[in-house]
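Asks: Sharing a structure with you now.
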Amino acid sequence: MANIQFPITVTEIDFQTEPPISAKGFFTSGKPGMTVAVRSCKKEHGDKTRLGILIGFVPIHMGARFEAEDGKKDVGRLVFTNTGSNPAIFIPELNEVVLGCESWWGEIKNEKELKEITNEDINNVWYVRAMKELASHHEGEK
């Protein structure tokens, strides 16, 4: 990436963004309308697992880049892009939408999969275990 020398002259602004709600996510699979078991991380929602409906994927990360005109390093267009999306899940019992990044959730394919998402389930997710391992090493260093 080239270093930008300020000031710059922006001759055009371009938005290459996704629609507000997309049927396809960046890193997550799933289809809008599918039923999910969801446990919100919001304190006011408690530790209860609820039925949810995947609405779709919403942009949550944006990026911008400066594209210089040929032969001019300080004149060009500014381009905004969506660099990440997240599942939006409607929870009918709460009449609220939560994002995938603020909940624990998984697809319900049949009745047997409609179960509680427990603390044990959450603690067994690979990145939760990794963070706890890092935290314990950090605690040991003090």
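Asks: When the range 1-56 is examined, which residues are found to be on the phi > 0 side of the Ramachandran plot, assigned to a loop (DSSP other than H, G, I, E, B) and touching a residue at least 12 places away in the same chain (Cβ under 8 Å)?
Replies: Scanning the range 1-56 gives Gly30, Gly33.
Asks: Which ones in the range 87-142 are out of contact with any Lys or Arg (no Cβ under 8 Å at 6 or more places or on another chain) and of a type in the set (Ser, Thr, Tyr)?
Replies: Correct list: Thr118, Tyr127, Ser136.
Asks: Of the residues Lys24, Lys43, Lys48, Lys31, only one is at pLDDT 85 or above, under 30 Å from Glu120 (Cα atoms) and either surrounded by 12 or more Cβ atoms within 10 Å (Cβ to Cβ) or of a type in the set (Phe, Trp, Tyr) (or both); which? I'd like the intermediate steps shown before the answer.
Replies: Numbers: Lys24 fails: at pLDDT 85 or above; Lys43 fails: either surrounded by 12 or more Cβ atoms within 10 Å (Cβ to Cβ) or of a type in the set (Phe, Trp, Tyr) (or both); Lys31 fails: either surrounded by 12 or more Cβ atoms within 10 Å (Cβ to Cβ) or of a type in the set (Phe, Trp, Tyr) (or both).
The unique qualifying residue is Lys48.
Asks: Hey, among Ile117, Ile122, which residue is part of a helix (DSSP H, G or I), surrounded by 13 or more Cβ atoms within 10 Å (Cβ to Cβ) and touching a Phe, Trp or Tyr at 6+ places or on another chain (Cβ under 7 Å)?
Replies: Working: Ile117 fails: part of a helix (DSSP H, G or I).
Of the residues listed, the single one that is part of a helix (DSSP H, G or I), surrounded by 13 or more Cβ atoms within 10 Å (Cβ to Cβ) and touching a Phe, Trp or Tyr at 6+ places or on another chain (Cβ under 7 Å) is Ile122.
Asks: Mind checking which residues of the range 59-88 are within 22 Å of Val10 (Cα to Cα) and of a type in the set (A, V, I, L, M)?
Replies: Taking the range 59-88 first, the residues within 22 Å of Val10 (Cα to Cα) are 62-83.
Within the range 59-88, Met62, Ala64, Ala68, Val75, Leu78, Val79 qualify.
Asks: Let me ask you something else. How many residues are touching a residue at least 60 places away in the same chain (Cβ under 8 Å) and among the β-branched types (Val, Ile, Thr) when one looks only at the range 58-82?
Replies: So the count comes out to 3.
Asks: Residues of the range 83-109 being farther than 14 Å from Lys31 by Cα, in contact (Cβ under 8 Å) with a residue 12 or more places away in the chain and outside any strand (DSSP E or B), which ones?
Replies: Those that are farther than 14 Å from Lys31 by Cα, in contact (Cβ under 8 Å) with a residue 12 or more places away in the chain and outside any strand (DSSP E or B): Pro92, Glu93, Leu94, Cys101, Glu102.
The values are calculated or read from the model by the stated rules, or taken from the named source; none is laboratory data. Just so we're clear, the structure is a prediction, and the values are computed from it rather than from any experiment. No Cβ is skipped: glycine too gets one built from the backbone with ideal geometry, and neighbour counts run over all protein chains shown.
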